[in-house]
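What follows is a short report on a single structure.
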Amino acid sequence: MFRVNEVLDYNGQLFRVLSVLAEEVVWIKVEDPKAFPSLVLIRELVKGLDEDALKRANDPFADLALVTPKRGSATQKRRDKNHALIQPIVSDPLFYEPNVRASRIKEVVANQKVSMPTVYTLIRRYWQQGQTPNALLPNYKNSGAKGKKRKANAKKLGRPRIYTPGVGAVVDDEVERLFRITIDKHWLKDTEISFSYLHRRFKDRYEAYYPDVPEEEIPSKWQMLHFYKREYAQANSLEKRTDRIKYNKDVRPLDSTANTNVLGPGSRYEIDATIADIYLVSDSERGNIVGRPVIYLVKDVFSRMVTGFYVGFENASYVAAIQALSVAMTDKVSLCADFGFDIANEDWPTVGLPSAILADRGELLGHQIESLESNFSIRVENTPPYRGDAKGIVERNFRTLQADFKPFAPGVVGCVRIVL
């Protein structure tokens with residue numbers, strides 16, 4: 001009825017079953033730091049089940065079974081050493097008898113040269129956390145107090161100095177106040193300075209308050225850096241130290257994707273233009289360079305399919321954008337037939353009006369586009385200024401498109417050709 005290592009909830013307290021005897025169960029309180037194994041009659045446990053005073057509970061240390069320390073690591077060696085240390089105690093069939101247990105503990109203390117509190121701590125952890133070797137893994141996560149503020153007294157916190165003269169400065173509330181003033185005035189407003197420069201500005205301020213303090217007793221750069229990392233969240237300081245335009249475009253955390261609020265094909269089109277990285281020549285006189293073409297692309301956000309395009313020599317404008325949108329809303333079978341290509345509807349199934357069009361603050365920001373909104377119920381959206389990443393799907397497609405021809409075509413911008 002009861003299994004070894006299962007956890008039972010008896011009147012709100014957790015017990016772990018250590019051993020099952022003929023008429024009794026050996027168990028131990030899981031959350032009691034001074035608990036020892038004890039005996040309880042099985043019939044009392046059955047009665048508790050009947051009266052709902054006893055129920056089976058989840059093992060709070062079940063995750064220990066999933067931990068696999070690296071072979072040969074200090075963690076594995078420490079675990080195995082602890083396990084070997086307590087084996088004479090926990091392997092004794094009568095470990096639950098106080099006299100037998102005390103005798104075994106005295107033998108381990110005498111033979112292994114360890115303290116009695118250490119042995120008691122290890123055997124309790126072994127019994128309370130599942131009677132497995134992993135129960136004896138060192139709890140390094142409970143060591144120290146990373147990120148917590150220590151209270152400064154008369155003695156400097158941290159390791160003592162070895163190579164630098166003096167004992168060092170005590171970082172009290174007044175020193176922290178000067179740290180904060182210097183960081184707020186210089187570090188969070190100037191993105192070009194180094195932390196060494198910042199510490200020199202702090203020294204100037206500190207010496208103005210305490211002119212007679214020796215050089216070696218001024219708070220060090222490492223003390224100031226420790227204060228900065230503890231008190232200033234990296235995300236907040238990064239936002240303050242980065243230009244607003246660059247932060248919004250390149251640095252800010254991403255909290256959604258391009259497909260947010262896009263229900264399916266045709267929900268949103270993105271449109272943008274770029275100047276191609278190639279020079280074209282006249283078809284009648286190849287010695288005449290006519291310029292670099294402007295490419296318009298319209299892409300469906302959901303399917304990533306190109307729905308419309310336009311290539312011309314006029315600058316990006318409302319007229320050119322409307323021609324690209326006209327292609328996007330045209331049946332592609334007839335469009336390709338005009339250029340001598342035969343396709344089926346399934347090859348390019350993009351025809352009709354989208355629910356929304358996303359553009360930058362340019363050709364579609366004005367009164368001319370209002371007829372498209374009012375007559376066809378199309379929502380025209382515009383990105384904020386300097387936010388090309390807001391329509392990254394079509395922006396990235398320009399680079400992909402030009403990568404197809406730039407390695408092979410003459411007249412590419414940035415390509416150097418040597419003619420012999």
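The values are calculated or read from the model by the stated rules, or taken from the named source; none is laboratory data. What you see is a predicted model; the values in this text were computed from it and never measured. No Cβ is skipped: glycine too gets one built from the backbone with ideal geometry, and neighbour counts run over all protein chains shown.
Of note:
- Wholly within segment 260-311, strands (runs of 3 or more DSSP E) carrying at least 2 residues that are closer than 20 Å to SER326 by Cβ and hydrophobic (A, V, I, L, M, F, W, C): 269-275, 294-300
- Residues in segment 365-409 that are modelled with pLDDT of 80 or more, within 21 Å of VAL306 (Cα to Cα) and among the acidic types (Asp, Glu): GLU381, GLU395, ASP404.
- Flag if LEU64 is at pLDDT below 90, among the aliphatic types (A, V, I, L, M), in a helix (DSSP H, G or I) and surrounded by 13 or more Cβ atoms within 10 Å (Cβ to Cβ): yes
- Considered as a group, the residues in segment 226-275 that are among the β-branched types (Val, Ile, Thr) and free of Cβ contacts under 8 Å to residues at least 12 places away in the same chain include one that is farthest from ALA169 (Cα to Cα), and that residue is THR260.
A quick yes/no check of all residues on (1) among the aliphatic types (A, V, I, L, M); (2) surrounded by 12 or more Cβ atoms within 10 Å (Cβ to Cβ):
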residue: THR75; (1), (2): no, yes
residue: VAL100; (1), (2): yes, yes
residue: LYS113; (1), (2): no, no
residue: PRO117; (1), (2): no, no
residue: ARG125; (1), (2): no, yes
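- Cβ-Cβ distances below 8 Å connect the following pairs, each with a first residue in segment 188-203 that is in the same structural domain as GLU231 (by TED's automatic domain parsing), a second residue that is of a type in the set (Asp, Glu), and a separation of six or more residues or different chains: THR191/ASP243.
Yes/no matrix, rows are residues, columns are (1) free of Cβ contacts under 8 Å to residues at least 24 places away in the same chain; (2) closer than 16 Å to VAL380 by Cβ:
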position: LEU297; (1), (2): no, no
position: PHE302; (1), (2): no, no
position: GLN323; (1), (2): no, no
position: VAL327; (1), (2): no, no
position: ASP338; (1), (2): yes, no
position: LEU358; (1), (2): no, yes
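- The one condition from (1) touching a helix residue (DSSP H, G or I) at 6+ places or on another chain (Cβ under 9 Å); (2) assigned to a loop (DSSP other than H, G, I, E, B); (3) at pLDDT 85 or above that ALA169 does not meet is (3).
- Residue under evaluation LEU364, criteria (1) surrounded by fewer than 17 Cβ atoms within 10 Å (Cβ to Cβ); (2) assigned by TED's automatic domain parsing to the domain that holds SER334, criterion not met: (1)
- For segment 397-407, a residue qualifies if it is loosely packed, with under 14 Cβ neighbours inside 10 Å and part of a helix (DSSP H, G or I), and the qualifying residues are ARG399, THR400, ALA403, ASP404, PHE405.
- Where PRO133 falls short, out of the listed (1) farther than 17 Å from PRO219 by Cβ; (2) of a type outside the set (Asp, Glu); (3) within 32 Å of the chain's Cα centre (by Cα); (4) at pLDDT 85 or above: (3)
- Scanning segment 236-257 for residues that are of a type in the set (A, V, I, L, M) and at pLDDT 80 or above returns a single hit, LEU238.
- Qualifying residue in segment 311-318 (condition: surrounded by 15 or more Cβ atoms within 10 Å (Cβ to Cβ) and closer than 30 Å to HIS199 by Cα): no
- Flag if PRO93 is within 22 Å of VAL119 (Cα to Cα), touching a strand residue (DSSP E or B) at 6+ places or on another chain (Cβ under 9 Å) and free of Cβ contacts under 8 Å to residues at least 24 places away in the same chain: yes
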